Structures are given as structure tokens and as C-alpha cells.
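Contents: one structure, followed by commentary.
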Amino acid sequence: MHNQKKIITQEKILTGDRATGQLHLGHFVGSLQQRVKLQHEYEQTVLVADLQGLTDNGHNPHKVSSNILNVVADYLAVGIDPLKTTICLQSAIPALAELTMYYSNLVSVARLQRNPTVKNEISAKSFGRSIPTGFLTYPISQAADITAFRATLIPVGDDQLPMIEQTNEIVRKLNHIAQDDILVECRPLLSKMPRLPSTDGKCKMSKSMGNCILLSATDKDISKAVKSMYTDPNHLKIEDPGQVSGNVVFTYLDAFHPDSTFIDELKVRYQNGGLGDGTTKKILEECLQNTLKPIRERRDVFMSDKAQLIDILRMGSQKSQEESNQVLNNVKRALGLNLFN
Ligand code: ATP
Ligand code: MG
């Protein structure tokens with residue numbers, strides 16, 4: 001049944017995560033849950049993006065290298081199965097860096113500077129006038145990743161939409177030059193929670209901003225994070241009517257609580273007045289602890305066998321090298337760079 005669907009649709013999934021830290025609840029609802037489902041239906045590759053992690057950590061490569069296996073353990077802990085999903089390491093696949101170089105000639109600096117996600121990140125990271133070249137150009141490297149696997153469907157958070165748009169621009173330009181459809185266009189697959197806010201509600205939960213609830217969070221970590229969560233600043237007394245919109249506790253309850261009818265009733269009670277933030281936070285705390293406990297326990301087991309994690313990554317990277325070399329060869333041929341073959 002599953003195989004039949006694979007053949008009919010011929011969708012190919014590619015997605016990944018920067019190796020800049022452990023994965024968090026934003027990854028879980030934004031992309032990981034979708035990947036676990038999709039792996040049963042489609043061919044899927046998941047990339048640990050260490051090269052991309054270096055684009056804003058060039059002077060601190062240890063931050064990236066020390067997180068590669070953390071990310072793999074997070075994948076396995078949420079249920080990504082290496083027998084169904086190819087898990088690979090970006091730096092072990094030279095074709096990705098080569099494709100990035102070829103594509104970079106098709107993208108202007110002005111176009112990169114207009115990319116809204118890159119623009120926001122540049123200002124959040126306070127680069128000033130010292131933006132690393134690799135950072136400005138990372139959307140091109142993402143285009144290389146996506147096209148190298150002929151991916152058509154990309155399960156991502158909404159911060160990645162501009163990258164997909166830029167990828168498709170590169171695909172169209174290259175295909176126009178080649179006068180052939182050598183690269184395929186892709187489309188995003190957003191989850192019901194495409195941007196989980198940070199616990200203070202100020203921005204997206206991000207590894208690099210240190211505002212995360214990690215998948216490895218202990219009950220105590222969860223409790224501390226939930227207690228500090230932004231709610232409705234005007235909801236001072238329990239009997240006051242409260243705002244649900246923009247209230248991070250309700251955003252998380254919507255994202256993680258299994259009983260949506262119960263949460264809808266809770267919202268009405270909160271809006272009418274008579275329900276305190278202490279109560280809603282207690283419900284969320286329990287819900288997150290129940291969600292993360294089995295993940296944390298599985299993660300601990302996977303982290304205790306690093307050799308197994310390395311083997312999974314090595315096997316996936318070897319398979320990915322073969323796939324991506326084919327696309328690289330097609331691109332080189334299209335550019336007339338095939339003198340030796
Ligand atoms: P960094 O701060 O290093 O950029 P990050 O937390 O933004 O890390 P990425 O590795 O950049 O994580 O993102 C990996 C994937 O997870 C992307 O598809 C991204 O859209 C998704 N994602 C990241 N954060 C969130 C979030 N808060 N809500 C929903 N999806 C998210
Ligand atoms: Mg990011």
C-alpha cells in the first residue's frame with residue numbers, strides 16, 4: 001500500500017536542521033511530527049546541516065561539531081526511523097558545496113539581502129557590517145540541498161518559505177540555461193503550527209536565541225519555562241476576563257494538548273473571567289511533561305551509543321553522495337563542464 005503511493009505520487013521529501021544545538025518543541029510541531037508521518041508514505045531524506053550551522057559560527061566550530069549527534073539522537077527519539085528515512089550529514093556530501101558554487105553565480109547580492117528571513121536574522125544577530133559571506137548566501141546552499149535530492153516537498157516552519165521561493169528561482173534559471181528540466185521545483189509543507197513562539201512570546205523559538213524548551217527538557221526545566229511564560233498582561237485577577245490571542249500558554253496548549261474540545265472550553269472560561277493563569281499553566285506543564293517524557297527517555301538511550309549514531313549518519317551520507325552526484329553531473333553537463341566524461 002505504502003509502496004504503491006510512493007510510485008503514484010513520486011514525491012521526494014528533503015528537510016533538515018542546523019547542527020547549532022539540540023532540537024526543541026518548535027522543531028517538533030513545525031517539522032519533526034510531519035517527517036515521522038511522511039516517512040511511511042514517501043521517500044525521505046533528512047539532512048543534519050553542519051555546513052549551514054557554521055555560517056554564523058565560523059569562529060566557534062565546536063558548537064556545530066558537538067551538536068551533530070545530538071540532532072541525530074533527537075531524530076531517533078521522536079520516531080524518525082533510519083530504515084525508512086535517510087539521515088545524512090551535509091559536510092559529508094561534497095556535491096552540495098559544489099552545487100552551491102555553481103548556483104551562486106545565478107543569484108545577486110541584492111536578492112539575498114531582500115530575503116526576509118535572512119534580513120531578520122542579520123538584525124537579530126547584530127552582525128552590523130560584518131555579515132559572514134556564508135551567512136548571506138546560505139539560501140543558495142539550501143537550494144543546493146533541496147535540488148541535489150530532487151526534492152518536491154519540504155516540511156518546514158514558515159521561516160523557511162523565502163528559502164523555498166529562492167530555490168525555485170534558481171531551479172527556473174538553471175533549467176532555462178540548460179533548456180531542459182534538469183532540476184525540479186519544490187513546495188513547502190507547513191504544519192498546523194508553522195511558527196512556535198518563544199516562551200516570552202517575543203519571537204520564534206530558536207536554538208540560537210536560547211529561548212527554547214528542548215526535547216531533552218526535564219520536568220523541572222519544563223516547569224520553570226512554563227512558569228515564566230507570557231500570558232495576558234491585563235489579566236491581573238482571576239475573575240478578570242483574559243485574552244487568548246497572543247497568550248503563549250494557549251498557543252502551546254493548541255499545539256500540544258491532545259484534547260482540543262477541552263482546550264476550547266478552557267478558552268471560553270478564560271475569556272469570561274474566573275480562570276487563573278496558575279491553572280492554565282499547570283495544565284500546560286503536565287501536558288508538556290507527558291509529551292516529552294517518552295522522547296527524553298528514548299533520547300537518553302540513543303545518546304548512550306554514539307557509535308550507532310555515527311553508523312546511521314555514515315550509511316545515510318554514503319547513499320546521499322550517490323544521489324547528489326547524479327544531479328551535480330547533470331548541472332555540470334548543462335554548463336558544458338563535462339570535458340572528462
Ligand atoms: P537556529 O537558531 O540555529 O537557526 P532554529 O531553532 O531556527 O536554529 P533550524 O535548524 O534553523 O532551527 O530549523 C530547522 C527546521 O525547524 C526548519 O524547518 C524550521 O522552519 C523549523 N523550525 C525552527 N524553529 C521553529 C519554530 N519555532 N516553529 C516552527 N518551526 C520551526
Ligand atoms: Mg533557524
Q.
How charged is the neighbourhood of I93? Take every other residue with its Cβ under 15 Å from the Cβ of I93, and add Lys/Arg as +1 and Asp/Glu as -1.
A. -2
Q.
Among the listed pairs K227/K306; K84/K224; K84/K282; K125/K332; K37/K319, which have their C-alpha atoms separated by more than 27 angstrom in this model?
A. K227/K306; K84/K224; K84/K282; K125/K332
Q | Rounded tilt (10° steps) of 161-178 against the dominant C-alpha axis of the chain | A | 10
(Q) Please compute the alpha carbon radius of gyration of the range 219-300, then divide it by the globular-protein estimate 2.2 N^0.38 Å. Two decimals is fine. (A) 1.12
(Q) Give me the net charge for the shell around F262: Cβ to Cβ below 13 angstrom, other residues only, Lys and Arg +1, Asp and Glu -1. (A) -3
Q: For the range 18-31, just list the computed ³J(HN,Hα) in residue order, Karplus coefficients 6.51, -1.76 and 1.60, θ = phi - 60°, integers in Hz, with x standing in for Gly and Pro.
A: 5, 8, 9, x, 6, 7, 10, 4, x, 5, 4, 7, x, 8
Q) Just S141, S324, S108 to compare: in a GNM of the chain, with alpha carbon springs under 10 Å, which one fluctuates most? A) S108
Q | Over the chain, relative contact order from alpha-carbon pairs under 8 Å, at least 6 apart, % | A | 23
Q: Starting from the amide H of K12, placed 1.01 Å from N in the peptide plane, find each other amide H under 5 Å away whose residue is 5 or more places distant or on another chain.
A: T152, L153
Q) Hey, what number do you get for the chain at 222 nm if only DSSP H runs of n ≥ 4 count, each worth -39500 (n - 2.57), divided across all residues, to the nearest 500? A) -16000 deg cm²/dmol
Q) Once both labels are modelled 7 Å past Cα along the beta-carbon direction, what's the Q179-F340 spacing in nm? A) 2.8
Q) Tally Lys/Arg at +1 and Asp/Glu at -1 over every other residue whose Cβ is under 9 Å from the Cβ of V226; what's the total? A) +3
**Q.** Cut-off under 5 Å, modelled amide H: who pairs with I87 long-range
**A.** V46, G316
Q: Have a look at the chain and give its Rg and Dmax from the Cα atoms, expressed in angstrom.
A: 21.5, 78
(Q) Mean-square fluctuation check for the chain, GNM, Cα pairs under 10 Å: which of L266, L112, L14 is largest? (A) L266
Q: Please find, in a Gaussian network model of the chain (springs between Cα atoms separated by less than 10 Å), the residue of A143, A307, A49 whose mean-square fluctuation is greatest.
A: A307
Q) So for the chain: antiparallel DSSP bridges make up what percent, rounded to the nearest 5? A) 10
Q: Report the relative contact order of the range 219-300, percent, no decimals, based on alpha-carbon pairs under 8 angstrom and at least 6 residues apart.
A: 35
Q. From the phi of every residue in the range 126-141, what ³J(HN,Hα) in whole Hz does the Karplus formula 6.51 cos²θ - 1.76 cosθ + 1.60 yield, where θ is phi - 60° and glycine or proline is x?
A. 6, 5, x, 8, 9, 6, x, 4, x, 5, 4, 9, 5, x, 6, 5
Q) When the Karplus curve 6.51 cos²θ - 1.76 cosθ + 1.60 is applied with θ = phi - 60°, which whole-Hz ³J(HN,Hα) does each residue of the range 32-38 get, with x for Gly and Pro? A) 4, 4, 5, 4, 4, 5, 5
Q: Quick one: which residues, 5+ away or cross-chain, put their amide H under 5 Å from the amide H of G201? H built at 1.01 Å from N.
A: Y230
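Coordinate-derived values only; no laboratory data. Bear in mind that the values here come from a model prediction, so they are computed numbers and not experimental data. Glycine also receives a Cβ, built like all others from the backbone with ideal geometry; neighbour counts cover every protein chain displayed.
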